[in-house]
1. Compute the relative contact order of region A:51-263 as a whole-number percentage, counting only Cα pairs closer than 8 Å that sit 6 or more residues apart in sequence.
2. If we count other beta carbons within 10 Å of each Cβ, what is the order of A:Tyr101, A:Tyr32, fewest first?
3. For chain A, what is the mean residue ellipticity at 222 nm derived from helices alone (per DSSP H run of n ≥ 4: -39500 (n - 2.57); sum divided by total residues; nearest 500 deg cm²/dmol)?
4. Compute the FRET efficiency between A:Arg94 and B:Gln171 as 1/(1 + (r/R0)^6), taking r as their Cβ-Cβ distance and R0 = 60 Å, and round to the nearest 0.05.
5. So for the pair B:Thr226, A:Leu157, with labels modelled 7 Å out along Cα→Cβ, what separation do we get in nm?
6. According to the square roots a ≥ b ≥ c of the eigenvalues of the Cα gyration tensor, what is the shape class of region B:136-288, taking rounded for a/c under 1.5, prolate for a/b larger than b/c otherwise, and oblate for the remainder?
7. Tell me, B:His138, B:His85 in order of fewest to most beta-carbon neighbours within 10 Å?
8. Mind ranking B:272-285, B:244-257 by how tightly packed they are, going by the mean number of other C-beta atoms within 10 angstrom, highest first?
Amino acid sequence: MLQRVLIYGSRAFIAIAFALPIYWVLVIATGYHGAVYALPPVWVPLFHWSPFRDVLTHTHWSRYLMNSVFISAMTIILVVITSALAGYALAELRFPGNSLYFYAILGVMMLPQQALLVPQYVMMYHLHLLNNYAGLIVPFAASTSGIFLFRQFFKKLPVSYREIAQLEGVGTLRYIWRVAVPLARPAVATTVLLTFISSWNQFQWPLIMTNSPAIQPIELALSHYMQAYQANWRELTSAALIALAPILLVFAFTQRHIVNAVAGGELSQKD
Amino acid sequence: MGEPLRSGMVDSPRSLTEKLPSWARWSRWREVLVGYGLILPSLWVFLVFYYGPALFLLYIAFFHWNIFASQSTFVGFHNFVELVHQPVFWQSLLNTAYYVVLVVPVTTLLALALALLLREATRIRGGGISRALVFLPHVTPVVATSIIWVWIFDPNFGLANTVLRFLHLPQLQWLASVHWALPSVMIYTVWHSAGLYTILFLAGLATIPRQVLEAAQVDGARSWFTFRRILWPLISPITFFVIVLVSINTMQTFSQIYTLTGGPHGGAGGPAFSTTTDSLLIYQTAFLYEHFSLASAMSLVLFVLILVLTLGQKFLADRFVFYR
């Protein structure tokens with residue numbers, strides 16, 4: 001009995017320790033003025049929302065927020081389309097180079113991103129993709145894990161569905177869009193969620209590929225603001241809260257699905 | 001009879017279309033064309049933004065060039081010679097090594113311990129919640145959460161020193177100190193990423209048949225013995241996978257170093273280059289000082305280092321990892 005209490009207690013303690021810094025953003029953002037400097041620290045959020053409201057309405061943060069929303073939404077749409085198409089081709093169609101493409105995608109996963117930034121910047125410069133929305137979206141319009149996920153799901157579809165569709169004269173694109181993708185709904189959900197998280201959290205790419213404040217996503221704006229006015233803790237944490245809130249909301253409702261997707265579905269039997 | 005069919009021929013359209021009626025041959029060709037059409041969008045992205053730049057890196061590292069000038073001159077290994085004469089380059093390699101050597105074992109062991117603790121979490125009420133909370137930091141944006149960690153590491157008002165004061169330990173300067181700035185970044189990194197690897201370990205543990213563990217318990221095996229002789233060998237493939245992943249990721253840490261060490265402490269990578277790692281130096285050389293030739297030479301060094309590390313770990317794994 002004591003052992004069980006110990007296990008559950010330590011489990012709860014550890015979980016809270018991991019979440020504590022995120023909770024602290026809320027405490028400081030909605031605390032009284034100067035609460036950050038209080039000793040001993042204030043532990044409870046006071047829910048003074050006025051600095052938060054000022055940040056949302058009187059500054060450029062809403063613009064940055066909309067930039068992030070737009071970039072993430074476009075990336076998600078494109079990733080789902082390209083992943084579904086390539087995943088279908090890899091799973092169902094026989095063409096020379098099918099398995100070669102499979103390994104080429106694995107190869108993309110192995111490329112060290114930090115070593116590629118300089119040549120990527122040159123490429124972006126020559127394609128005129130610096131400093132515009134397209135440059136923040138198009139390079140992320142294909143996802144290696146998304147393609148593998150759709151491939152895995154499409155492989156499980158019965159062959160007879162495709163044969164019937166062929167006999168009925170249904171085109172491949174129509175079949176993918178009307179039959180295969182709706183049947184692979186978990187793959188769509190996983191791809192949307194994981195793309196949203198990676199796209200929303202994008203920081204280094206916009207830092208390098210843009211220098212105009214009008215198109216920068218909220219993470220980049222936060223970092224600029226942080227370097228300029230670090231002492232303004234309440235506004236800073238309020239802005240951080242704006243960047244965090246969508247992720248926290250999405251995660252609160254889909255954590256089971258996300259954790260399972262990251263675990264490669266291995267945990268699903270137990271849930 | 002002709003030659004026996006070679007296995008490589010099976011996929012080629014010709015071998016498949018021979019001796020088929022013309023409509024079937026057309027539908028076979030159609031399948032090939034549709035296949036290429038469907039992979040084209042993603043293939044284009046991978047070629048233009050990933051494979052193209054990777055090949056391009058091999059080229060530009062051996063040239064003296066500038067992004068805005070049209071001509072470039074072949075200089076052989078000159079960029080690399082210039083690189084090894086930069087003390088800050090060696091400093092960055094040392095910092096990266098220090099960072100990787102500490103973060104990899106700490107993260108791996110912590111993730112394994114958390115996974116063992118959180119195992120069977122979903123069998124009890126609220127167990128899934130603690131699993132989710134451990135994973136939560138990994139999905140949060142780095143800049144937004146770095147802000148709060150800058151406050152935690154604040155020497156005067158931060159939570160870190162408050163805890164040290166409570167424990168009657170000497171207080172630290174954290175991000176403002178040459179000795180503690182990089183360890184502070186390590187703490188953030190472990191906090192931010194341990195959840196991911198915990199989940200990977202949990203996935204590995206979930207594949208171990210319950211009967212194996214129950215049999216060990218019936219035999220009266222002690223828990224350390226069960227772990228060392230049964231669990232550890234069974235999860236060694238996933239441990240290896242996690243170690244490779246943590247190493248590759250930590251060698252390329254950028255965002256938290258840039259954010260945590262920037263601001264009032266005077267430029268990212270400080271104080272006194274104590275947190276300048278390879279990826280930060282590449283960023284600064286290329287995009288702050290616009291010294292692209294040098295930055296591409298550094299990128300190629302990093303590329304090769306990561307490749308060697310991956311292959312070296314693969315070699316070790318072939319000798320020591322137990323695959324079922």
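Values quoted throughout were computed directly from the atomic coordinates according to the rules given, and no laboratory measurement underlies them. The structure presented is a predicted model; accordingly, all values stated were derived computationally and were not measured. Note: ideal-geometry Cβ built from the backbone for every residue, glycine included; neighbour counts use all protein chains shown.
1. Values: 178 pairs, mean separation 77.2, N = 213.
Reported as a whole number, the value is 36 percent.
2. Working: A:Tyr101 20, A:Tyr32 11.
Final ranking by Cβ density, sparse to dense: A:Tyr32, A:Tyr101.
3. On the way: 13 runs with 189 residues, N = 271.
It comes out at -22500 deg cm²/dmol, rounded to the nearest 500.
4. Working: r = 67 Å, r/R0 = 1.11.
The value I calculate is 0.35.
5. So the label points at B:Thr226 and A:Leu157 sit 4.5 nm apart.
6. Details: a/c = 3.04, a/b = 1.88, b/c = 1.62.
Verdict is prolate for region B:136-288.
7. Values: B:His138 20, B:His85 9.
By the 10 Å Cβ count, ascending, the order reads B:His85, B:His138.
8. Details: B:272-285: 22.8, B:244-257: 20.9.
For the peptides B:272-285, B:244-257, the packing ranking is B:272-285, B:244-257.
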